[in-house]
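Read through the structure below, which is laid out as structure tokens, and then see the notes.
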Amino acid sequence: MHSFISEEQSTNWFKTNIATYHCRFSKEHYEDGVFLQLGIEFPTSLNNAVTKRRAEFLAGRYCATKALQQLNVHNSVIGTGKHRNPLWPDNIKGSISHCNNYAIAIVTDQIDVLGVGIDIESQIEDGTVEKIQSQILSHAEIDLISNCNLKKNLAFAIAFSLKESFFKASYPTVEKYFDFNAVTITHINCDHQTISFIVNETLHEKFEQGMLLQGEFCLLPQARVATLVTV
């Protein structure tokens, strides 16, 4: 395997049975020619992008391609929407995330799934949490993460990641941006690694105010967390 990609494998981090693939990648070993070597199309949208962005994009699309192969979907080009969102093949729902030198992708062709969202985040330092928590969480959510059985900065990363995952799962249907306060986290179950949350405002007829949802989280090496929302 090219030195740009390492530690790649199908992922069993979550209980939900959906095709998932992750890898570690090295920005230091990135060069544009790796796109061709890995069989990924270089998009014109990256022409003016910095090396970091190109490397993240390539690693994410590589994982997505590998995940699609688990569904017997081959040789598909995953396009990019106007808001940099992945454009999946027909009848496929998926999501991509990257954080520092990790990338992950999840895809499904299940007809009863409206959308999926996945996100990876690094643990955030305590001082930073105190500065930004009120921009992300309500007072009730801050109390929740302060009193669960996890370090607060880890719980904050999970809460932030969950909201990112929900956005990714709902965006293909909602097709608009919305604030973090569009949903409220109501419970974090550390034993089962689940997160319950409620939709606070009607975002779409399929995401109405009062809708109750649940996501999953897992704790990863190097103080990282990942969350998954399946709708």
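The values are calculated or read from the model by the stated rules, or taken from the named source; none is laboratory data. All values derive from a computational prediction rather than experimental measurement. Reconstructed Cβ throughout: ideal geometry from the backbone, glycine too, with neighbour counts over all protein chains shown.
Scanning the stretch 200-231 for residues that are assigned to a strand (DSSP E or B) and either more than 13 Å from the chain's Cα centre (by Cα) or β-branched (Val, Ile, Thr) (or both) turns up His204, Phe207, Leu212, Leu213, Gln214, Leu219, Leu220, Val225, Thr227, Val229, Thr230.
Residue by residue, here is whether (1) of a type in the set (S, T, N, Q); (2) farther than 17 Å from Ile106 by Cα; (3) in a helix (DSSP H, G or I) holds:
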| position | (1), (2), (3) |
| --- | --- |
| Ser3 | yes, yes, no |
| Tyr21 | no, no, no |
| Asn48 | yes, yes, no |
| Gly60 | no, no, yes |
| Lys66 | no, no, yes |
| His74 | no, no, no |
| Val77 | no, no, no |
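If you go through the stretch 23-46 and keep only what is hydrophobic (A, V, I, L, M, F, W, C) and in a loop (DSSP other than H, G, I, E, B), you end up with Leu38, Ile40, Phe42.
Close Cβ contacts (under 6 Å, 6 or more residues apart or on different chains) running from residues in the stretch 148-168 that are assigned by TED's automatic domain parsing to the domain that holds Thr184 to residues that are of a type in the set (S, T, N, Q) and surrounded by fewer than 22 Cβ atoms within 10 Å (Cβ to Cβ) comprise Lys152/Ser146; Asn153/Gln123; Leu154/Gln123; Ala157/Gln123. Of the listed requirements (1) of a type in the set (A, V, I, L, M); (2) within 17 Å of the chain's Cα centre (by Cα); (3) not in a helix (DSSP H, G or I), Ile111 misses just one: (2).
In this structure, is Ala140 exposed (fewer than 15 other Cβ atoms within 10 Å of the Cβ), small (Gly, Ala, Ser) and in a helix (DSSP H, G or I)?
yes
Would you mind stating whether Ile132 is within 21 Å of Glu164 (Cα to Cα) and buried (at least 21 other Cβ atoms within 10 Å of the Cβ)? Considered against the rule, which asks whether it is within 21 Å of Glu164 (Cα to Cα) and buried (at least 21 other Cβ atoms within 10 Å of the Cβ), Ile132 comes out as no.
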